[in-house]
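The next block holds one structure in the form of structure tokens; read it before the comments.
We did not get these values from a lab; they are worked out from the coordinates using the rules stated. Bear in mind the structure is a predicted one, so any value in this text is a computation, not a measurement. In this analysis, Cβ positions are derived from the backbone assuming ideal geometry, glycine residues included, and neighbour counts consider all displayed protein chains.
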Amino acid sequence: MRRFLGLAYLTPYIIGLAVFTAVPFLGSLYLSFTDYNLMSAPRWSGLDNYLHLFTSDRTFRKSLTVTLIYVFTTVPLKLAFALFIAYILNYRLRGINFFRTAFYVPSILGGSIAIAVLWRYIFATEGLVNMAIVALGGEPVNWFGDPTNALFTITLLRCWQFGSAMVIFLAALQSIDKSLYEAAAIDGSSRFYTFIFITIPLLTPVIFFNLIMQMVQAFQEFNGPYIITQGGPLKSSYLLPLYIYDEAFKRFDMGYASAIAWVLFVIIMVLTLVAFWSSKKWVFYAGDKRS
Amino acid sequence: MKLLSTVAAVALLGTAAHAETLRMSWWGGESRHVATQAALEVCGAKYGHTIAPEFTGFDGYLEKLTTQMAGGTEADIIQVNWPWLPLFSKDGNGFLDLNSVSSTLDLSQWSADQLASTTVDGKLNGLPVSTSGRVFFFNVTTLADAGIAIPTTWDEFFAAAEALRAAKGATYTLFNAVKETAQLLVTLSVVQATGKDLVDPETNRVAWSAEELAAGIEFYARLVETGAIRSMQDDAAAGNVNLFEKPDWANGLIAGSYEWDTTYSKYADPLAEGQVLQAVPYIRPAVGTIDGVYRKPSMMFTISRNSAHPEAAAQILNCLMNEPEGIDALGDSRGIPSSAVAAARLAEAGKVNANIAAANAIAMAASGPNVSPFNEHPEIRGLFIDTLEEFAYGQISAADAAEVIIEGANDVLAQFD
């Protein structure tokens, strides 16, 4: 009986995983090969959805491009910023715990609708940002009406939510053996070189972890563009999750929406595998024999 | 006294024996939520039913309802937008055929035309709550400040736009036109020129030629070029914000819009102290041409085909629409009621907001072709608005935009052949 105790503990989780994750996951795979409008039974359509997606859907191509630009700008920016702030907060300064908390707060609030609404006001024509630009003698910028700027505001919103990545970086920085820094100092290493050749290599496992997590989250971004720009103008901030939502719940094409969702899943999976494959070359773990 | 209490007790027992628990879903603003909950309370008490309210704003309501309909978990009584009928009930079986509960529901309060508008394949899928149309609203305070008379023709409109900017400065614009409103102004222009709705009911295809639609799109361009409305670029600078939430609207810097008559309060309430919003007759190309009104059953109440208690739901529906308790509680929260008895009772009691009544009278009196629900099909509307945006940003010519819209709309319409 005792040997089944572990299984008994796991059962609720396994049931939850099966019912709320595995079944919808496989269900959406099936639906992606069907024509399903919610009001009538799914009708098998083979590869039609995927063929249309890759051969004649201009919106998908635009949305995919926008999504890739968003992910490849947001993730590095956010990681760099999180590491920068974590590095500063690693110093023993007066009131440091207050600052650590203060910098983490945006991450708690960041994904909320309220913050997205606030962001909309900050970057509006007469918003805070333009007021600052005008005060500095510049011309106000059309952040949301200009297709070249709209995505940038969404990117900044995501970067602003750097707290969780920062906390992980901070924990990793604090776990680095101080004797390594002492040895470097004795050898006359500058702060910059110490950071590049000691801190960064020892942080690579955490950088790798944050990279994967942030990349997956960035591919799923929805609230920001939905509330702030509705994907516009000219679909310049129309990320794939918005397109999936519109196809599913505005055009009632669940089959097509599922196909887009699966393409997005495959993209995330491939990029994750590439990251894992490349990690052998740039991620260093404790006890690693590479030199 | 004793006899009375005995009768009351028996009556209570009688209703309690059939007491059901129902759900009702609707969208709306704060005043509608308050009025509907009050109405459900009095109607529920009258028949001994308990009705759980499910209400939200308009945004997201369609998505929620669609998910519920797909899962068969929709509320017993549902507020449905009329253009959604083809989506949910292509063959008339999406909702309960209300003819089946006509012994409870007094259908004689609606005209044959009104009932026909919500009938699909001979099945009465809903009851029109009110009929509404787009009307021109102007901030008459701003116009008076600038010494401008309310325009009645498009020539006067463009002259007024110029006069307003000259009098008050370039930050003032005469009119608003974004997203659906921009689309409906293009539609208005084409309807006024051709007398035809977007969809030809005979062929179930777009009734306009590419040239006719292109002329409508050029009309939109003229609105921007003359400064009568803001460009899409300038308007988008505020982000995804509704007109009534914009400070420029509240302060009278945007002096008018083309909105549903029923939304008068939504647009009038945010105006700054002393500003007055007024519905005015249709602006037309010239005296004697048609108004081109975009008028439709604004929404309908229906009963779910999956309701376990259709008779109880019909009792509540009848109470809301035809019985004094429901009529008084709902008031004009959904515009002027389509139910004859409700309209008469509210008018008699003076319970209709005079501004809403005036706006509704303009919409009802205006001339124009019958409007197809496909005007608001999500795919057709999305295509129209997206293509118009491409035109506004200089990505596509008016002629090409017209071709794209007509071709895409016909593809959607073909699915309903």
In this structure, is B:A268 hydrophobic (A, V, I, L, M, F, W, C), buried (at least 21 other Cβ atoms within 10 Å of the Cβ) and more than 14 Å from chain A (Cβ to nearest Cβ)?
-> no
Filter pass, A:Y104 being assigned to a helix (DSSP H, G or I), more than 14 Å from chain B (Cβ to nearest Cβ) and either of a type in the set (S, T, Y) or touching a strand residue (DSSP E or B) at 6+ places or on another chain (Cβ under 9 Å) (or both) | yes
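Taking B:S231 as the residue in question, decide whether it is at the interface with chain A (Cβ under 10 Å from one of its Cβ atoms) and over 22 Å from A:L118 (Cα atoms).
yes
Suppose we filter A:P233, A:P201 for residues that are more than 18 Å from A:L89 (Cα to Cα) and surrounded by 21 or more Cβ atoms within 10 Å (Cβ to Cβ); which single one remains?
A:P233
Before we move on, is B:G72 within 14 Å of chain A (Cβ to nearest Cβ), more than 19 Å from the chain's Cα centre (by Cα) and surrounded by fewer than 16 Cβ atoms within 10 Å (Cβ to Cβ)?
yes
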Within the range A:243-252, which residues are surrounded by 21 or more Cβ atoms within 10 Å (Cβ to Cβ) and over 21 Å from the mean Cα position of the chain (by Cα)?
-> A:E247, A:A248, A:F252
Could you check A:Q230 against (1) within 14 Å of chain B (Cβ to nearest Cβ); (2) in contact with a helix residue (DSSP H, G or I) (Cβ under 6 Å, 6 or more places away or on another chain); (3) under 28 Å from A:A116 (Cα atoms) and say which number it fails?
-> (2)
Any chance you could count how many residues in the range B:301-319 are under 22 Å from B:P83 (Cβ atoms) and either in a helix (DSSP H, G or I) or within 19 Å of the chain's Cα centre (by Cα) (or both)?
-> 3
Close pairs from the range A:250-261: first without any contact (Cβ under 8 Å) to a residue 60 or more places away in the chain and more than 14 Å from chain B (Cβ to nearest Cβ), partner of a type in the set (G, A, S) and surrounded by 24 or more Cβ atoms within 10 Å (Cβ to Cβ), Cβ under 9 Å, at least 6 apart = none
Of the listed residues (A:T153, A:T148), the one being within 14 Å of chain B (Cβ to nearest Cβ) and surrounded by fewer than 13 Cβ atoms within 10 Å (Cβ to Cβ) is A:T148
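For every residue, the table says whether it meets (1) in contact with a Phe, Trp or Tyr (Cβ under 7 Å, 6 or more places away or on another chain); (2) farther than 24 Å from A:P233 by Cβ; (3) part of a loop (DSSP other than H, G, I, E, B).
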site: A:S63; (1), (2), (3): yes, no, no
site: A:Y70; (1), (2), (3): no, no, no
site: A:T73; (1), (2), (3): no, no, no
site: A:P76; (1), (2), (3): no, yes, no
site: A:F84; (1), (2), (3): no, yes, no
site: A:Y91; (1), (2), (3): no, yes, yes
site: A:F98; (1), (2), (3): no, yes, no
Tell me, yes or no, whether the range B:40-50 has at least one residue that is within 14 Å of chain A (Cβ to nearest Cβ), out of contact with any helix residue (DSSP H, G or I) (no Cβ under 8 Å at 6 or more places or on another chain) and without any contact (Cβ under 8 Å) to a residue 40 or more places away in the chain.
-> no
